[in-house]
Structures are given as C-alpha cells and as structure tokens.
C-alpha cells in the first residue's frame, strides 16, 4: 500500500519536467521561431498565401540626424497585400526612448497601404516589427531626406550574419550600419571591416562584442572607426541571437557628390551575381564592389552584358576578408585600367560577377549621376526629353528597347508557365500573332536625374516571379531593367540549346492585369519604361533578375527599388 501511495508522488516531478520541455518547444512568436532555427533562411521573400502569418523586420523606419549636416530621415512603411482577402496588420515601432508603440491597419485585397512612422514615434532611430494575420504580405520602405529619396526592403528573415559591401568615409560622406535585434534577449555582435587601404580584415576593438539590446535598433557610424576611406565593406556577425541590418550611404554635396541611398544589407553569399543597370554615359559613374568575407581567396570574373553578348570582362582574385572596386565606364581614348570594365553609353546593361573556385562572396554597386558624379559641376546626365522628341528616328543617340504592349482591348500572348503565376486562375487572354500589337519605343534610360546617388544590391538568386513596390510619383522616369545570366558551357564548350533563346517576361498589376510583355534574349538585357511607378508583379517562364530604377529631375535624384521574391 505504501508503495502505491508513493508512486504518484514520484511521477509528479517527471510530469513537471516533461511539461517544461514541451513548453520550451512551443513557438511563442514568429520572431523567436526565426531565432531558434538551426539553419537560418537567407532569401527575402513573401510568405505564401497559405501561411498562417507574415513577419517582417525593418531595422530602420525613422532616423534623426545622427551626424551634423545630414538632416532628418522620415519613412513610409508600404504594406502590400498579394491575396484576395483583407489582411490585418500590426506594426510595432521600437524606439530607445519612446519604447514600444503599436499601429494597426487593414490592407485591402491586392493593394498597398502606407504607414507614416513619423506620426507615431520620433526617436533618434526607430525600428519596426510588422506581423500580419495571414501570408501573402510584403513590406518595403520609402525613405525621404533633404538629400534624396530611396526605397528599401524589410527582411522576412533573421540571421546571425549580414554583409555590407558599400560604404564611404570621406569628409563629405556618411556611412551607417543599423542593426536590429527584435528578440527579447540582448544580442552580441562583432563588426569587422575591409577597405581599399588595408590588407585583410580591419578589426576595431570598440566594435568587438557590441551589445544590441533587446527590442531595439543601434546605428554604427563607419566614419568613426574607418576614417577617410573610399571603399568600406563590413561583416556583422552575431555571437548570440539573430539580427537584421540596414546600410546607409549619404553624400552632403560639399564637394559635388550629393545623394541619399538606403538598402537592406545582404544576408546571403553566392558565387554568381547579377546587377541590372538602366544605363550609363560619360556623365555617370558606376562602380561595382565585390566583398569576400570568407577565409579563402576568391577567384572571380566580372563581365558586362549588352544585347545578348559580353562586351568586356576582367578576371581577378580577392584575398580573404578583402574588398575590390571595379569602375564601369564608356570606352574612351585612354587605355582602360585593370580595375575597370568598359560598357557602351546609353544602353541597358548587366554586370555579371561569377566565382571560379566555389568561394562565395557578395556584390553591390554604386551609381552616381550628373553633378554627383562630376564634383563642382552641374552637368546633366543626359539630354532633356523634349530634345529627344525633335530628333530624327535614326539618331544614333536614341537607343530604343522594343517592348510589345497590350492594346486597350486585349493582352499579349503569354506562355502557360507565366500565365499560371497569375494566381486568380484566369491569366491574360491570348492574342498571339496579333498584327495590331503595339511596339512601344523606350527612350534612353536615366533621362531626368541631374544629380543623384543609388546603392544597387546585386541579385544572387534568379527567380521566375518578382514583386516590385514603389508608390506613384509625378515627374519621375521609371524603368524595369531585366537580365538573364550567361549560360554555362557544357563539357565540350558548347552553350546549352535553349530553342530560340528568348525568355518571356510578363509585367502585370496586383490585380493580375497584364500591362506589358517583354522578350529577354538569352544572356541578354532589356529595359522597359513603366508608365507609372506603381506596384508591379513580374513573372517569366525562365529565371531572371530585375531592378526598378527611378530618375527624378529635382534634388531627390536617382533611386533603385530592389525586388522581393514571391
């Protein structure tokens, strides 16, 4: 009897221990779930419509002047609902002094809603956690500052490692890394640099073991630690926890360069990168930065792709934990340097950067136009659009891209794979071989900007479906530049047969209305001019890369919207 009485008492501690183990395994929040994943995902993409929730992490959604002369930055959160039902969204704003504030919004089906974060919090730096009641939500940002406007993605993942290959710490520049820890425990991170002046990693004791408090974002001024450098790259590695990171580059105009650029840092490494470029000329400056954060030397080949062929290429090696800058410029009378790539002026182009020895790296580019690219001058980037209208059609300075667009009463022919991506099931109607299809001339890209800066993240993973979100804006030239990667030769050196080699890209609205169809040749580049800068879904029957370029005639200058996979 006594044994029977003691048996239940012995089982109580075992039951409590089992309950604790079960409780510890329950996902309390999507953020904590992301932090506990052994292999953190590294692709920024829209959760599927069947997902139970959508979670997005925005390291910065508002920033006061963190250095004299650079002005306050305000932010709009753009919430895009890709599903056919209304979505309830909670935005949690996190500031160091104002604490946590909550904003709720209902986003209508197939639409984009905006939340102006300055209406709710005014801290030195503000981050945001955005969560929705279902999948199918994409979250991006629009930054506005006295020195320019730019778009940037939020992150759908948390990860321990982030990479920032763009930075400048000269006297007229401000380079900032913003690190967000959205979790309830402090994160500890190490930040190391690579510059053109140092060989190998540049370690700063003050940035070793930096504590990022729970529920907060912290900004790090690169110029305080790597002074007077032309090229600065950084690795942000978390010893504990999972984080998200932003990159900011700002030029104050004191010596001619002027502009503002913001973008989510790179969370993934790859040995194949593409950079779609709207176009350059003698008044533009484009540079490509290749950062190798690994412990091995990376053997790399960079090439310019124009009209289906490589026009120039250069091979080089990047030591471990080092960064290299390549200038992309039109041909001239002087001989090109070993660190330059030649590209024809006035044509859309793609930069491909490919590893040769299986060592991954990360690629970004920086574009400066007009007086920003030519210090102490005010030279326009290209001719005025009104001048182009008066030129003869065969003027060699006009380089149109041929784009087939739909008639008002019909839509272009679309392959079955592309049509199936329009998830309402209807797809666009078939007008194959329609003799009345309109061929639209796309004017030379980057017409309006007279001065501007854009940070251009490389695309390491090609996709068949992209989402690009930008609000409509008057007086802005908007271009989608699409690139397909060069085909790898087979063992006998021959390029694989792809039939006619063209890939069909469908450009549509959130309501699944086809507005244009573009054929992108194999290893080719096409720029399509949008009639407005609104949200676009872009699908294809082949993997490709795309960037949206915006060019403004005012001081806001140039910006790039990076797509989100879906």
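The values are calculated or read from the model by the stated rules, or taken from the named source; none is laboratory data. Computed from a prediction, not measured in an experiment: that's the story for all the values here. Heads up, the Cβs are rebuilt from the backbone with ideal geometry, glycines too, and the neighbour counts pull from every protein chain shown.
Regarding region 95-113, can at least one residue be identified that is surrounded by 16 or more Cβ atoms within 10 Å (Cβ to Cβ), in the same structural domain as residue 142 (by TED's automatic domain parsing), closer than 14 Å to residue 56 by Cβ and at pLDDT below 90?
no
Does residue 85 satisfy the criteria of being outside any strand (DSSP E or B), at pLDDT below 95, out of contact with any strand residue (DSSP E or B) (no Cβ under 8 Å at 6 or more places or on another chain) and within 24 Å of residue 175 (Cα to Cα)?
So residue 85 does not fit the description; no.
Here is a yes/no grid of residues against (1) part of a strand (DSSP E or B); (2) in contact (Cβ under 8 Å) with a residue 60 or more places away in the chain:
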residue: 189; (1), (2): yes, no
residue: 199; (1), (2): no, yes
residue: 219; (1), (2): yes, yes
residue: 228; (1), (2): no, no
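Any residue at all in region 140-150 that is in contact with a helix residue (DSSP H, G or I) (Cβ under 8 Å, 6 or more places away or on another chain) and at pLDDT 95 or above?
Scanning region 140-150 turns up no residue that is in contact with a helix residue (DSSP H, G or I) (Cβ under 8 Å, 6 or more places away or on another chain) and at pLDDT 95 or above.
Of all strands (runs of 3 or more DSSP E) completely enclosed by region 93-180, which ones contain at least 2 residues that are in contact (Cβ under 8 Å) with a residue 12 or more places away in the chain and within 17 Å of the chain's Cα centre (by Cα)? Write out each step before concluding.
Details: elements: 99-107, 111-116, 125-132, 137-145, 148-153, 161-164.
The strands (runs of 3 or more DSSP E) meeting that bar are 137-145, 148-153, 161-164.
Got at least one residue in region 236-252 being part of a loop (DSSP other than H, G, I, E, B), assigned by TED's automatic domain parsing to the domain that holds residue 156 and in contact (Cβ under 8 Å) with a residue 60 or more places away in the chain?
Looking through region 236-252, at least one residue is part of a loop (DSSP other than H, G, I, E, B), assigned by TED's automatic domain parsing to the domain that holds residue 156 and in contact (Cβ under 8 Å) with a residue 60 or more places away in the chain.
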